[in-house]
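The block underneath contains the structure these notes are about, expressed in structure tokens.
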Amino acid sequence: MNVSLRNWLRISIFNLLLVASIGVILRYKIAFSLPFIDQKHLLHGHSHFAFSGWITQALMVLLVHHLSKYKGEIVFKQYRTLLFGNLFTAYGMLLSFPLQGYGLISISFSTLSIINSYFFAIKFWKDLNEVKHKQISFLWYKAALLFNVISSLGAFSLAYIMAAKITNQNFQLAAVYFFLHFQYNGWFFFAGMGLLFSQLERIDAIKKELSIIFWLFSIACPPAYFLSALWMPIPFFIYCFVVIAAIAQLIGWLFLVKLMRKNIITLKLFFFDQGRWLLMLSGIALSIKLILQLVSTVPSLSQLAFGFRPIVIGYLHLVLLGVTSIFIIGYILSLELLSVGKDFMKGLFLFISGIIINELFLMLQGVAGLAYTGIPFINEILFCIALIMFSGILIMNVQLCHFKNKVR
């Protein structure tokens, strides 16, 4: 039993509960009155902790676990300081952002979090280089680490813009979307794909195809940033690269799906039933995301989409919940890294149901907004959906606290 892995995963899933609890408060304040809470400040705390306390924390733990297969369980002791460092800064942002927004303390914790990610990237990169048998998954990990570092340029640019009191909104949005793109399309996505490929690469016959898929996504990632910036005036040749990038990513994904379907019998041996359906659901969400990306290359549609907040929020939740969060939990269960009981699965089903319903209503709200039509009681409905997701994660955490986990 890998006690370190089990404990770190439980901490990550508990952090997801905290993310959901803040989501409930945010939805309550929109639907009802909660005057003593600053919505904008709490939203910053919510987003920063979701990125660092839940997704980044879980991905770091899972990457270290994969590394332990080559270097032994001692690596958890070697990464202990970095994992605690990320956790410490995440909680610092969780507490400081709601209190002061972008202030000295919150920015300090945010900066320390970035510095900690630099040290993690350097150490993990070096450890990968020391492994004798190079794997395709290592390429995904290295790209993920690189994109995580690159994303920090957006955060530092935003800090400079705010410090210099530059009021140009386009500059601010460009910096924000730069950070977001290289986080969820770079660090989150490539780390997740690395974990997936760590299983797929066990099939020797498809290694060449897997390598092609990696290069399609990695080369397309940088220019794909402009998919989030099509509302800005950009040169035509850059727009062409953006369209090519969107097409390349969709082709890469369809190629991967075809490979997995062709080797479905073998893959069933690598992924257990308990989490396999979650990986498939994450794949469906990713397919929707990639199609929406390609559709967004139509300038008129892009300007409409970015002009309506519900559509932007719906898209972000599709990526962070539908693609990334579901994948992380699915990966954990499909490899039986945590042994869970029936109550956990009931809570998980409730959580997943909440995600799907939430996406449907957010998109419905966005489409209605395009027609300048309001949906009756939409804020109250979204608040109830947030409660559903929170309840599901709460049940999952309660079960983990009382169930003796057996790590495979």
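Quick notes on this one:
- Residues of the stretch 79-128 satisfying the condition of being modelled with pLDDT under 95, of a type in the set (Val, Ile, Thr) and surrounded by 22 or more Cβ atoms within 10 Å (Cβ to Cβ): none
- Close Cβ contacts (under 9 Å, 6 or more residues apart or on different chains) running from residues in the stretch 197-214 that are of a type in the set (Lys, Arg) to residues that are part of a loop (DSSP other than H, G, I, E, B) and surrounded by fewer than 19 Cβ atoms within 10 Å (Cβ to Cβ) comprise Lys207/Glu201.
- Those helices (runs of 4 or more DSSP H) lying entirely in the stretch 131-228 with at least 3 residues at pLDDT 95 or above and out of contact with any strand residue (DSSP E or B) (no Cβ under 9 Å at 6 or more places or on another chain): 136-163, 189-200, 207-220
- Selection count where residues are buried (at least 17 other Cβ atoms within 10 Å of the Cβ) and in contact (Cβ under 8 Å) with a residue 24 or more places away in the chain, scope the stretch 364-386: 7
- Just one of the listed residues (Phe226, Phe217, Phe271, Phe236) is surrounded by fewer than 18 Cβ atoms within 10 Å (Cβ to Cβ) and among the aromatic types (Phe, Trp, Tyr), and it is Phe236.
- Considering residues of the stretch 230-280 that are assigned to a loop (DSSP other than H, G, I, E, B) and of a type outside the set (A, V, I, L, M) only, the residue modelled with the highest pLDDT: Asn263
- Looking only at residues of the stretch 329-342 that are in a helix (DSSP H, G or I), of a type outside the set (A, V, I, L, M) and touching a residue at least 60 places away in the same chain (Cβ under 8 Å), we find that the one that is surrounded by the most Cβ atoms within 10 Å (Cβ to Cβ) is Tyr331.
- The residues of the stretch 157-170 include none that are closer than 24 Å to Ala220 by Cα and free of Cβ contacts under 8 Å to residues at least 12 places away in the same chain.
- Test for Val398: is it at pLDDT 90 or above, buried (at least 19 other Cβ atoms within 10 Å of the Cβ) and assigned to a helix (DSSP H, G or I): no
- Residues of the stretch 1-52 satisfying the condition of being buried (at least 18 other Cβ atoms within 10 Å of the Cβ), under 15 Å from the mean Cα position of the chain (by Cα) and under 18 Å from Leu180 (Cβ atoms): Val19, His46, His48, Phe49, Ala50, Phe51, Ser52
- Residue list for the stretch 324-351, restricted to those being over 13 Å from Leu195 (Cβ atoms) and under 12 Å from the mean Cα position of the chain (by Cα): Ser325, Ile326
- Among the numbered conditions (1) surrounded by fewer than 21 Cβ atoms within 10 Å (Cβ to Cβ); (2) touching a Ser or Thr at 6+ places or on another chain (Cβ under 8 Å); (3) farther than 15 Å from Asn7 by Cβ, the only one that Glu73 does not meet is (3).
- Residues of the stretch 79-107 satisfying the condition of being touching a Lys or Arg at 6+ places or on another chain (Cβ under 8 Å) and under 29 Å from Trp125 (Cα atoms): Tyr79, Leu82
The values are calculated or read from the model by the stated rules, or taken from the named source; none is laboratory data. Bear in mind the structure is a predicted one, so any value in this text is a computation, not a measurement. For neighbour counting, all protein chains shown are included, and Cβ atoms are generated from backbone atoms with ideal geometry for every residue, glycine included.
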